[in-house]
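Step one of this worksheet: look at the structure below.
The values are calculated or read from the model by the stated rules, or taken from the named source; none is laboratory data. Quick caveat, the model's predicted, so the values are computed rather than measured. Cβ sites come from the backbone with ideal geometry, for glycine too, and all protein chains shown count toward neighbours.
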Amino acid sequence: MSRVYPFDDAMTARAVIDDDGTLVEWNEGARRLLGHPAEAVLGRPAARLLAGDTGPAVPAGPRWDGTVGLRHRDGRTIPVWLLAHRRPPRDGHRGDWLVVTPLTGAEPPTADDPLVDAGLIQSPCALAVYDDTLRLRRMNDAMAEVAGLPEERLRGLRLAEIGGKQESEDLEQAMLQVLTSGEPLDVQTYMRTGGEQRAHAWLARMAPVRDDAGRVRGVCLAAHDITDNYRARQRLQLVNEASVRIGSTLDVTRTAQELADVCVPVLADFVTVDLLDPHEHGGEPPARITAPVPLRRIAHCSVHPEVPEAVISPGQTEEYPAGSPQADSLTAGHTIVASVTEGDIDDWLTWHTARAQRVREFGMHSSMSVPIQARGLTLGVAVLTRYRRPDPFTADDVLLAEEITARAAVCIDNARRYSRERETALALQRSLLPRSLPRTAALEVSSRYLPAARAGVGGDWFDVIPLSGLRVAMVVGDVVGHGVEASATMGRLRTAVRTLADIDLAPDELLTHLDDLVVRLSEESGADSPGEVGATCLYAVYDPVSRRCTAARAGHPPPVLIRPGGAPRALDLPGGPPLGVGGLPFEAIEVDLPEGTVLALYTDGLVGSRERDPETSRAMLHEALGAHSGPLDETCDRVLHTLLPPGGSADDVALLLARTRGLPAAQVATWDIPADPALVAPVRKQVVEQLDTWRLSEASFTAELVVSELVTNAIRYGSHPIRLRLIQDAGTLICEVSDTSPTAPHLRRAKIFDEGGRGLLLVAQLTQRWGSRHTPEGKTIWAELPVYEEDR
């Protein structure tokens, strides 16, 4: 049903005057009052309608009323009471003045008017009665006090004309609904009435006024001040909002920013959050605070987007002397409310001229400093400032700010503790991971490690281990779980891998020993079932002489292989059980790798995205590896950028890329040794000739002794066939003697009358490293000598 508006604009004389004094609106009621038609006055100065030489002074407030003499069209001077409202700019229009006066206001109601009986003039509740054209007929003293004007001045005006605000127009629309529907209606609004210095919350209860025949003849409006209840609900809503918004993450900076954001603009116009710098006190806030207090700005927020009130930026540190709100509240341990107008912080503003300038520029009048305290520790201070809101902070505001800050303090302390524990775990993790990867003749390597974005550090690790014969071991592993315990377990496993690698175990044998270690660790931890302390691991050994790679894995993702000119593909490597299951075998495979082949070893955090399935992630990994053939560092960055989300991975990630190198045949010399001790001398001669060819003659004497001892031992204690191999690399000469006997010699202290036992001691003294390794055919005894190439 369409609404029929009963408004007769001609019942009110209304004009609009813009800021330069020109009449821009003139209604029929104004024509009836003064006789001037609209076309005769619009666009002309309003002052021409004044009867006297000078009119009233321009009012300073938003509303003015008074009686002035106006010039009628026939020359008469008519005294008219005017009500003027200052309207701010809106919808692209400049500000102006709305000037109204009722044409029927002087007509008192008759005795038989049914609206008279509904007046309830003596009621303490603010009451007003409007007729069927929604013009004021009666109001009691309480409503006159709210309106700020007596009834005889306002009689005949509509509510929108009395209030002059958007809220008044909204209430008038609600009154029209009551008038047309005949049903009562309650409306809540927050506004400043003509008789108030501050805005209040109002409950407007509207009911139809009926005559004896039951016809709706008007609307009765009762206004109830519900400011206290409104503010209580607002405070409760703010506390609830704070409990939801503050502490959404375990990040100190974001939590502090959430505290500032919640308080603006509901509680303050400008909020700063400063924390004590824990690095100056050994990682913990000080037990006792004395001025001056150094604080670090963590967050701030303002009703202005650019926060122009701030003197310092987040991250900067400033020292606050005694007398400043920050230092006083921290040393006192409780909230301090300061008034600028009463001179509470004059000493500080005199000392800090930059802040004094901001205070004057924005008109700041009140501040409230609330210490941020949690679990018996003082973490910092939040300062709330008002300048746009004219009212100072009240006792209720203090309680509300303390409640919100107390909630935020616990969240900040939780975030601080989490950050400290995370940094500790990261430090442990980094200390257990290799600080740098060794440079070897066999591989060019590059690596990346990224801790989990949310779950914290985990047990992912990688390593590159130089072995005998210029071989290199590559290992990548992942311990189940996150945190310090996972990092500690990772450290133990990495140490165990290095120890087992030093005795040159084959990849499958190494994983078997590592599996036994994880089972023991699980038993020591009191786990209820095997596998609770678990891990996965991939171990590969590359030999640059034979250009072959041997690899085995324990439940770990297979490596990706990119041969020169070929497409990336996953190496077909038996999966094997995860470490910690126990009792199950591991299987190794051996593959030929041409020089320039790239191996990509990684943990499942790289391909375990929640947004996509593993197959898609592996395809993206292959695409990223195949699309880049430049330096390995750039390839690592490309892979991480392609596969990981901007906020980081949900799991930690380890990535190891290795490009193979082959050792030229000219740097390797091999001889088959007959099982005759008398033929050792010719072998020594051949070794000396080879060293001369390599321009390593200075190492001939030492090499002769080492080769003689190793070959003699192999002939005497080993099994045929026996092979001698020399490998020359930059700065190193490697002597290897292999035979088919599985028995390996060991170093021992020879007694005075022992005939043997001094050969290996001599080898150990003459070389920088020596050792033995088992092979499928038997064993190999090796020794490394430092050498220097001769200049010719």
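Inspection of region 240-257 identifies at least one residue that is of a type in the set (S, T, N, Q), within 23 Å of the chain's Cα centre (by Cα) and farther than 19 Å from Ala415 by Cβ. Could you tell me whether any residue of region 385-394 is without any contact (Cβ under 8 Å) to a residue 12 or more places away in the chain and surrounded by fewer than 15 Cβ atoms within 10 Å (Cβ to Cβ)? Within region 385-394, one or more residues are without any contact (Cβ under 8 Å) to a residue 12 or more places away in the chain and surrounded by fewer than 15 Cβ atoms within 10 Å (Cβ to Cβ). Residues that are under 39 Å from the mean Cα position of the chain (by Cα), of a type in the set (A, V, I, L, M, F, W, C) and in a strand (DSSP E or B) within region 544-574 comprise Ala554, Val560, Leu561, Ile562, Ala570, listed in sequence order.
Listed here are the residues, each with its yes/no results for (1) touching a residue at least 60 places away in the same chain (Cβ under 8 Å); (2) in the same structural domain as Val472 (by TED's automatic domain parsing); (3) surrounded by fewer than 18 Cβ atoms within 10 Å (Cβ to Cβ); (4) under 60 Å from the mean Cα position of the chain (by Cα).
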residue: Ala678; (1), (2), (3), (4): no, no, yes, no
residue: Val706; (1), (2), (3), (4): yes, no, no, no
residue: Gly731; (1), (2), (3), (4): no, no, yes, yes
residue: Ile734; (1), (2), (3), (4): yes, no, no, yes
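Scanning region 24-43 for residues that are more than 16 Å from Arg73 (Cα to Cα) and assigned to a strand (DSSP E or B) yields Val24, Glu25.
Looking at Val581, is it among the hydrophobic types (A, V, I, L, M, F, W, C) and surrounded by 18 or more Cβ atoms within 10 Å (Cβ to Cβ)? Answer is no for this residue.
Could you tell me whether region 250-262 includes any residue that is at pLDDT 90 or above, surrounded by fewer than 21 Cβ atoms within 10 Å (Cβ to Cβ), assigned to a helix (DSSP H, G or I) and not polar (S, T, N, Q)? Scanning region 250-262 turns up at least one residue that is at pLDDT 90 or above, surrounded by fewer than 21 Cβ atoms within 10 Å (Cβ to Cβ), assigned to a helix (DSSP H, G or I) and not polar (S, T, N, Q). On the stretch given as region 239-249, residues that are closer than 22 Å to Asp274 by Cβ and not in a loop (DSSP other than H, G, I, E, B) total 2. Within region 502-516, being touching a helix residue (DSSP H, G or I) at 6+ places or on another chain (Cβ under 8 Å) and crowded, with 18+ Cβ neighbours inside 10 Å holds for Asp504, Leu505, Leu510, Leu514. The criterion of being touching a residue at least 60 places away in the same chain (Cβ under 8 Å) and polar (S, T, N, Q) holds for Thr255. Note on region 665-695: residues that are in contact with a strand residue (DSSP E or B) (Cβ under 8 Å, 6 or more places away or on another chain), assigned to a loop (DSSP other than H, G, I, E, B) and farther than 22 Å from Asp739 by Cα amount to 1.
Based on this model, can you work out whether Thr341 counts as modelled with pLDDT under 90, of a type in the set (S, T, N, Q), more than 31 Å from the chain's Cα centre (by Cα) and part of a helix (DSSP H, G or I)? For Thr341, the condition - modelled with pLDDT under 90, of a type in the set (S, T, N, Q), more than 31 Å from the chain's Cα centre (by Cα) and part of a helix (DSSP H, G or I) - is not met.
Taking the listed residues Arg471, Arg448, the one that is within 30 Å of Leu500 (Cβ to Cβ), within 24 Å of the chain's Cα centre (by Cα) and assigned by TED's automatic domain parsing to the domain that holds Thr597 is Arg448, with no other qualifying. Considering every residue within region 397-413, establish whether at least one is farther than 19 Å from Asp274 by Cα and touching a His at 6+ places or on another chain (Cβ under 8 Å). The answer is no; no qualifying residue exists. Considering region 363-394, the residues that are assigned to a loop (DSSP other than H, G, I, E, B) and under 18 Å from Asn414 (Cβ atoms) include one that is farthest from the chain's Cα centre (by Cα), namely Gly376. Ala204 passes every criterion in (1) surrounded by fewer than 15 Cβ atoms within 10 Å (Cβ to Cβ); (2) over 41 Å from the mean Cα position of the chain (by Cα) apart from (1). For region 297-305, state whether one or more residues are outside any loop (DSSP other than H, G, I, E, B), crowded, with 17+ Cβ neighbours inside 10 Å, modelled with pLDDT of 90 or more and in contact with a Gly (Cβ under 7 Å, 6 or more places away or on another chain). Taking every residue of region 297-305 in turn, at least one turns out to be outside any loop (DSSP other than H, G, I, E, B), crowded, with 17+ Cβ neighbours inside 10 Å, modelled with pLDDT of 90 or more and in contact with a Gly (Cβ under 7 Å, 6 or more places away or on another chain).
Does Thr272 satisfy the condition of being β-branched (Val, Ile, Thr), closer than 30 Å to Val311 by Cβ and assigned to a loop (DSSP other than H, G, I, E, B)? No: the conditions fail for Thr272.
In region 411-424 there is at least one residue matching the filter, namely being over 30 Å from Met490 (Cβ atoms) and in contact (Cβ under 8 Å) with a residue 24 or more places away in the chain. Among the residues of region 266-285, those identified as surrounded by fewer than 16 Cβ atoms within 10 Å (Cβ to Cβ) and modelled with pLDDT under 80 are His279, Glu280, His281, Gly282, Gly283, Glu284. The set of residues from region 405-449 being hydrophobic (A, V, I, L, M, F, W, C), in a helix (DSSP H, G or I) and at pLDDT 80 or above comprises Ala406, Ala408, Ala409, Val410, Cys411, Ile412, Ala415.
Quickly run through region 590-632 and pick out the residues that are outside any loop (DSSP other than H, G, I, E, B), out of contact with any Cys (no Cβ under 9 Å at 6 or more places or on another chain) and closer than 17 Å to Arg553 by Cβ. Across region 590-632, the qualifying residues are Ala600, Leu601, Tyr602, Asp604, Gly605, Leu606, Pro614, Arg618, Leu621.
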